[in-house]
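J.: Submitted below is the structure of interest, expressed as structure tokens.
The values are calculated or read from the model by the stated rules, or taken from the named source; none is laboratory data. Please read these numbers as outputs of a predicted model, since none were measured by experiment. Cβ coordinates were reconstructed from backbone atoms using ideal geometry, including for glycine residues, and neighbour counts include every protein chain displayed. Accessible surface is based on the protein model in full, side chains and every heavy atom, while ligands, DNA and RNA are left aside. Shrake-Rupley method; radii C 1.70, N 1.55, O 1.52, S 1.80 Å.
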Amino acid sequence: MRCVHIYVLQTFAALFYLDDEITCNYDLSRIQDKSLEFPMLADKQTVLDAFHLRHACKKYDPSKKISRADFDFILETARLSPSSFGLEPWRFLVIQNPALRKELRGIASGAAEKLDACSHFVILLSRKQAALQADYRSRMWGAVQGMPAEAVEMCEAFFQNFAEHDFRLNESPRAFDDWAAKQTYIALANMMTAATLIGIDSTPMEGFDMAAANRLLAEKGLMNPDEFQVAVMAAFGYRADEPRGKTRLSAEEMIEWVE
């Protein structure tokens, strides 16, 4: 029993700190250097260059399309993203249907121009409270992540304490739904960074009528409105114009070290 407790505590620590990769069937042997604690997969300057290059693309070139292989790569970075308690409270709808894109234009003012010209358009859905109940959590921790039954029970107890006392998610469905929706932004950020690293532009968007978007997708049979809601949208493609230079507050204004 003590071994189970240790396993659960280690696992819970990973889950709580947004690291849901408890089990992995990806072959890491090709990138692991046994002399290193963690392999360095890219040089720092390349990553910083990508962040300086990335911008919210304002205008896309409709003649340029992302290959299926490249977009599958971007989607895989979303699928592999971390989430609180490892619950993966999301789904990703890739909207390529022209008629549906046209309907979305009327309810997503921030996406209207992008829907016409971007190569790929993604709607990120988040699970609502009704779809994140104990049966779903048990399946994620047990069947998906391979925890023993005793560990699942302990994780459930940890989650209940978190939901009731730490973040007070049980005070209202809105609080729970908003917490789940925030997780999708982690996946979205990873998608945009991955896209930039392979020369693809992106635009995150919140400029849409949420109720109308939820209603439209439900009417099209693309989601169950009792279980999912629209969290955020994003366009991907290739820029038509060069953006202005990156502007941000200075590090001195944004960062404070507490030692």
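J.: Scan segment 222-241 and report the pairs whose first residue is on the phi > 0 side of the Ramachandran plot and whose second residue is outside any loop (DSSP other than H, G, I, E, B) and open to solvent by 40 Å² or more (accessible area, probe 1.4 Å), with Cβ atoms within less than 9 Å and a gap of 6+ or a chain change.
T.: Going by the 9 Å Cβ cut-off, there are no qualifying pairs.
J.: Right, residue 174: more than 26 Å from residue 80 (Cβ to Cβ), at pLDDT below 95 and not small (Gly, Ala, Ser) or not?
T.: For residue 174, the condition - more than 26 Å from residue 80 (Cβ to Cβ), at pLDDT below 95 and not small (Gly, Ala, Ser) - is met.
J.: To continue, here is another question. Can you tell me which condition residue 22 does not meet? The list is (1) open to solvent by 80 Å² or more (accessible area, probe 1.4 Å); (2) at pLDDT below 90, and all the others hold.
T.: Of everything listed in (1) open to solvent by 80 Å² or more (accessible area, probe 1.4 Å); (2) at pLDDT below 90, residue 22 misses just condition (1).
J.: Residue 121 - would you say it is hydrophobic (A, V, I, L, M, F, W, C), part of a helix (DSSP H, G or I) and either touching a residue at least 12 places away in the same chain (Cβ under 8 Å) or touching a Phe, Trp or Tyr at 6+ places or on another chain (Cβ under 6 Å) (or both)? I'd like the intermediate steps shown before the answer.
T.: On the way: hydrophobic (A, V, I, L, M, F, W, C): yes; part of a helix (DSSP H, G or I): no; either touching a residue at least 12 places away in the same chain (Cβ under 8 Å) or touching a Phe, Trp or Tyr at 6+ places or on another chain (Cβ under 6 Å) (or both): yes.
No; evaluated as a whole, the condition is false for this residue.
J.: Condition check: within 30 Å of residue 64 (Cβ to Cβ), at pLDDT 95 or above and in contact with a Ser or Thr (Cβ under 7 Å, 6 or more places away or on another chain). Does residue 187 satisfy that?
T.: When the stated conditions are applied, residue 187 passes them.
J.: I'm trying to understand the selection: among the residues of segment 132-148, which are surrounded by fewer than 16 Cβ atoms within 10 Å (Cβ to Cβ), assigned to a helix (DSSP H, G or I) and not charged (D, E, K, R)?
T.: Those that are surrounded by fewer than 16 Cβ atoms within 10 Å (Cβ to Cβ), assigned to a helix (DSSP H, G or I) and not charged (D, E, K, R): 134, 143, 144.
J.: Can we say residue 122 is among the β-branched types (Val, Ile, Thr), under 22 Å from residue 179 (Cα atoms), buried (at least 19 other Cβ atoms within 10 Å of the Cβ) and touching a helix residue (DSSP H, G or I) at 6+ places or on another chain (Cβ under 7 Å)?
T.: No; evaluated as a whole, the condition is false for this residue.
J.: Still on this structure: Condition first: under 21 Å from the mean Cα position of the chain (by Cα) and part of a helix (DSSP H, G or I). Now tell me which residues in segment 163-172 satisfy that. Steps first, answer last, please.
T.: Taking segment 163-172 first, the residues under 21 Å from the mean Cα position of the chain (by Cα) are 163, 167, 169.
The answer is 163, 169.
J.: Name the residue that is farthest from residue 229 (Cα to Cα), counting only residues in segment 161-177 that are out of contact with any strand residue (DSSP E or B) (no Cβ under 9 Å at 6 or more places or on another chain) and surrounded by 13 or more Cβ atoms within 10 Å (Cβ to Cβ).
T.: 162
J.: Between a first residue in segment 76-94 that is more than 16 Å from residue 214 (Cα to Cα) and modelled with pLDDT of 95 or more and a second residue that is of a type in the set (Asp, Glu) and not in a helix (DSSP H, G or I), which pairs have beta carbons less than 6 Å apart while being 6 or more apart in sequence or on different chains?
T.: Listed pairs, sorted by first residue: 82/19; 82/20; 83/20; 86/20.
J.: What residue, among those in segment 64-106 that are of a type outside the set (A, V, I, L, M), in a loop (DSSP other than H, G, I, E, B) and farther than 23 Å from residue 238 by Cα, is most open to solvent (accessible area, probe 1.4 Å)?
T.: Taking segment 64-106 first, the residues of a type outside the set (A, V, I, L, M) are 64-65, 67-68, 70-73, 76-77, 79, 81-86, 88-92, 96-98, 101-103, 105-106.
The next check asks that each one be in a loop (DSSP other than H, G, I, E, B); those that pass are 64-65, 67, 81-83, 88-89, 96-97, 106.
Within this subset, residues satisfying the condition of being farther than 23 Å from residue 238 by Cα are 81-83, 88-89, 106.
Details: 81: 1, 82: 38, 83: 0, 88: 53, 89: 2, 106: 72 Å².
It comes out as 106.
J.: Of 194, 211, 218, which residue is closer than 17 Å to residue 78 by Cβ and of a type in the set (A, V, I, L, M, F, W, C)?
T.: 194
J.: Follow-up. Could you figure out which of (1) over 21 Å from residue 78 (Cα atoms); (2) open to solvent by 40 Å² or more (accessible area, probe 1.4 Å); (3) modelled with pLDDT of 95 or more isn't true of residue 109?
T.: Just one mismatch for residue 109, condition (3).
J.: Could you check segment 180-235 and list, in sequence order, the residues that are open to solvent by 10 Å² or more (accessible area, probe 1.4 Å), within 27 Å of residue 167 (Cα to Cα) and in a helix (DSSP H, G or I)?
T.: 181, 182, 183, 185, 186, 189, 190, 210, 211, 214
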